[in-house]
Structures are given as structure tokens and as C-alpha cells.
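Participant: First the structure, then my questions, so here it is.
The values are calculated or read from the model by the stated rules, or taken from the named source; none is laboratory data. Keep in mind that this is a model prediction, so the values were computed, not measured. Quick reminder, even Gly has a Cβ in these numbers, built from the backbone with ideal geometry, and neighbours come from all protein chains shown. Accessible surface areas use protein heavy atoms only, side chains included; no ligands, DNA or RNA. Shrake-Rupley method; radii C 1.70, N 1.55, O 1.52, S 1.80 Å.
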Amino acid sequence: AAAMIAVSLPFVISACAPTDTRRSTGAVVDDASITARIKTALARDPVAKATQVNVDTRNGEVQLSGYVESQEAAQRAVELAREVPGVTRVRNDMRLRPAS
């Protein structure tokens with residue numbers, strides 16, 4: 001049994017090593033922190049009022065998607081995202097909410 005553990009252990013360790021397709025734990029935590037800060041800023045801002053905006057962060061690059069009430073709200077959401085420390089780029093994929 002001890003021999004089997006010794007043989008399988010290198011495979012487990014190598015499987016956990018970061019690769020080009022995987023992010024380190026630190027990068028995931030940083031991205032989650034950036035996302036949380038942006039969502040908080042969007043919810044608190046009287047212009048953005050972006051409660052239906054999705055925020056996805058990967059390696060400091062932020063994608064904003066979902067719906068906003070006006071072009072001004074979309075611009076403000078982008079500004080707020082850019083102000084968060086650690087953000088390297090913001091992609092605006094937000095859409096104006098259709099008139100009902």
C-alpha cells in the first residue's frame with residue numbers, strides 16, 4: 001500500500017500545478033475581490049444603479065454584461081470598474097434595457 005501512495009503522489013502534485021489554462025489560487029482570490037468591489041460600487045452608485053449587471057473578472061480583466069437603464073449608467077459602471085485597484089482592462093458588454 002505504501003508503494004502505491006508513493007507512485008500516485010507525484011501525479012497528484014503535478015495535477016495541481018498551475019498551467020496556462022489554470023489560474024493560481026492567488027489570482028482567483030484577487031479576481032473575486034475585484035468582482036466584489038465592483039458589484040458593491042455599482043449597487044451603491046446613484047447614477048449606475050446597475051443591479052442587473054454581471055461582473056466577471058479574470059486576471060484583472062473585467063467584463064461587464066447585463067442591462068442598464070441608460071447610456072450614462074453604462075458609462076458610469078465602466079468608470080467605477082476602472083477605479084478598482086487591480087483592474088487592468090474593462091470590457092463593456094452591457095445593453096440598454098428595452099422600453100416596456
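Participant: If R₀ is 41 angstrom, what is the calculated FRET efficiency for the pair residue 93 and residue 29, using the beta carbon separation as r and rounding to 0.05?
Facilitator: For residue 93 and residue 29, the calculated efficiency is 0.95.
Participant: Report ³J(HN,Hα) in whole Hz for each residue of the stretch 73-80, in order, from the Karplus equation J = 6.51 cos²θ - 1.76 cosθ + 1.60 where θ = phi - 60°; Gly and Pro get x.
Facilitator: 5, 5, 4, 5, 4, 5, 4, 4
Participant: Still on this model: Each label point is 7 Å from the Cα along the Cα-to-Cβ direction; what then is the distance between the points at residue 44 and residue 61, in nm?
Facilitator: So the two model labels end up 2.9 nm from each other.
Participant: Just the number, please: carbon plus sulfur as a percent of the accessible area of the stretch 38-78, 1.4 Å probe, no ligands or DNA/RNA counted.
Facilitator: So the carbon and sulfur contribution to the accessible surface is 41 percent.
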